[in-house]
Amino acid sequence: MRRILVAALLAVWSLPAVAAPGDTPKDPKIVPAAWHDVGAMTFKLAKGEAFRLVSVGKMQGESSMSMNGQDMSFGMSGTTVSGTKVVVTSDTDGKYKLDMLTDELSMKTEMEVMGQAMLISILNDQIKVMQGDNVLVDTATGKGGDLVKMFQGQGVGYNAKGAMTITADGKVVGKMEGDPAFIKAQGMTPSAGPFMVVFGKDPLKQGATWTVETDLSTVQQLQLKTATKLVSTMKVEGLATVDGVECLDVSVSIPIKVAAAKAQMEQQGVEVAFDLKGMVGSTTGHAYFDPKAGKFVYASMNSDIQMEGEVGLPGGVGQMPMKMHMKVKGGVFRVPVVAAAPK
């Protein structure tokens, strides 16, 4: 039973902390375009405007741990589609207040645990976990007991409401508001906001670079307790058409290096301490903006991260050395909100 608990704990840590809508957007057709001056880039949002930010991610990972002198290894792969509805509720003084709702969740992750396949399926607030032919958790039938609490944390963002205010250049100002789950889910980008890039005030020239500093507070389900900063480098690569829309192509590079940090994972009342000895890796990608409309269109991102540390076992029975290597490839889409059919 303890091995199942440990496997469940690892699965909870490994799964992406995002929510999801129904249909998965397709990758757009991107074609390089000849450069011309686009001037200064600013977001042009209007009160009452509504759209969705939909994220699609595919993860592959390997983990190893040691318990009672026995080494265990895990292979993981999964797909997550995440979506957040955004409504612009004010557009005054060069600032935009965004009301946000992460309203659906779908996720599927496969693991190999001690030679047996584990399948974790989540749809909205329904969770089902299989180990081989054995059903460990099924919230639709009430099966799972205390194990359910460990997986319920994957609903971070599901049906969670929040609000943030951004400037016309994309920077978040003031404090985020809303449900704790919403604020926690935004932990990776408190300064860059939901659109990946913060623009400067100067006209954007091809090859121009600048940096944005971000406080890192979340890594997957880990909440960092040690202050950690990331410095993102942005570069204007040029222009490109994205499904026929001329866009500014901005590359994003975020090196990740943490020497040591205290962290904690909270899962519906189950708190687990994690002593992060080291983390190295990077996130790179491209963000595309329509300079005429002043709108984010699409972004593609790739992450490759390695972690090493010790995780506290449930019940305070000791610590367990753990290593993890994760690769995530994904995209973020701006899609229109479909109006409800008249009754």
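Annotations
- Each residue in the stretch 200-215 was checked for being assigned to a strand (DSSP E or B) and farther than 22 Å from residue 173 by Cα, and 1 pass.
- In the stretch 94-103 there is at least one residue matching the filter, namely being small (Gly, Ala, Ser), farther than 22 Å from residue 63 by Cβ, modelled with pLDDT of 75 or more and out of contact with any helix residue (DSSP H, G or I) (no Cβ under 8 Å at 6 or more places or on another chain).
- When 112, 49 are checked against the criterion of being at pLDDT 85 or above and acidic (Asp, Glu), 49 stands alone in meeting it.
- Cβ-Cβ distances below 6 Å connect no pair with a first residue in the stretch 134-151 that is polar (S, T, N, Q), a second residue that is surrounded by fewer than 16 Cβ atoms within 10 Å (Cβ to Cβ) and modelled with pLDDT of 85 or more, and a separation of six or more residues or different chains.
- Residue check, residue 111 buried (at least 20 other Cβ atoms within 10 Å of the Cβ) and either of a type outside the set (Phe, Trp, Tyr) or on the phi > 0 side of the Ramachandran plot (or both): yes
- Exclusive hit being free of Cβ contacts under 8 Å to residues at least 24 places away in the same chain and among the polar types (S, T, N, Q), set 233, 226, 211: 211
- Leading residue by the ranking (nearest to residue 237 (Cα to Cα)) among those in the stretch 30-56 that are of a type in the set (D, E, K, R) and in a loop (DSSP other than H, G, I, E, B): 37
- Looking across the stretch 155-174 at every residue that is touching a helix residue (DSSP H, G or I) at 6+ places or on another chain (Cβ under 7 Å) and within 28 Å of residue 127 (Cβ to Cβ), the one that is modelled with the lowest pLDDT is identified as 156.
- The condition (being modelled with pLDDT under 90, surrounded by fewer than 20 Cβ atoms within 10 Å (Cβ to Cβ) and out of contact with any helix residue (DSSP H, G or I) (no Cβ under 6 Å at 6 or more places or on another chain)) is satisfied by just one residue among 243, 215: 215.
- Any hit, the stretch 26-41, residues being without any contact (Cβ under 8 Å) to a residue 24 or more places away in the chain, surrounded by fewer than 15 Cβ atoms within 10 Å (Cβ to Cβ) and either closer than 30 Å to residue 97 by Cα or not small (Gly, Ala, Ser) (or both): yes
- The set of residues in the stretch 286-331 that are at pLDDT 85 or above and small (Gly, Ala, Ser) comprises 287, 293, 294, 299, 300, 303, 309, 330, 331.
- Test: residue in the stretch 64-83 that is at pLDDT 90 or above and either on the phi < 0 side of the Ramachandran plot or in contact with a Lys or Arg (Cβ under 9 Å, 6 or more places away or on another chain) (or both): no
- Scanning the stretch 87-101 for residues that are farther than 12 Å from residue 182 by Cβ and of a type in the set (A, V, I, L, M) yields 87, 88.
- From the options 289, 274, residue that is part of a strand (DSSP E or B), closer than 29 Å to residue 207 by Cα and in contact with a Leu (Cβ under 8 Å, 6 or more places away or on another chain): 289
- Test: residue in the stretch 220-229 that is of a type outside the set (Val, Ile, Thr) and at pLDDT 80 or above: yes
The values are calculated or read from the model by the stated rules, or taken from the named source; none is laboratory data. These figures come from a predicted structure and were not determined experimentally. Here the Cβ is made from the backbone with ideal geometry for all residues, glycine too, and neighbour counts use every protein chain on show.
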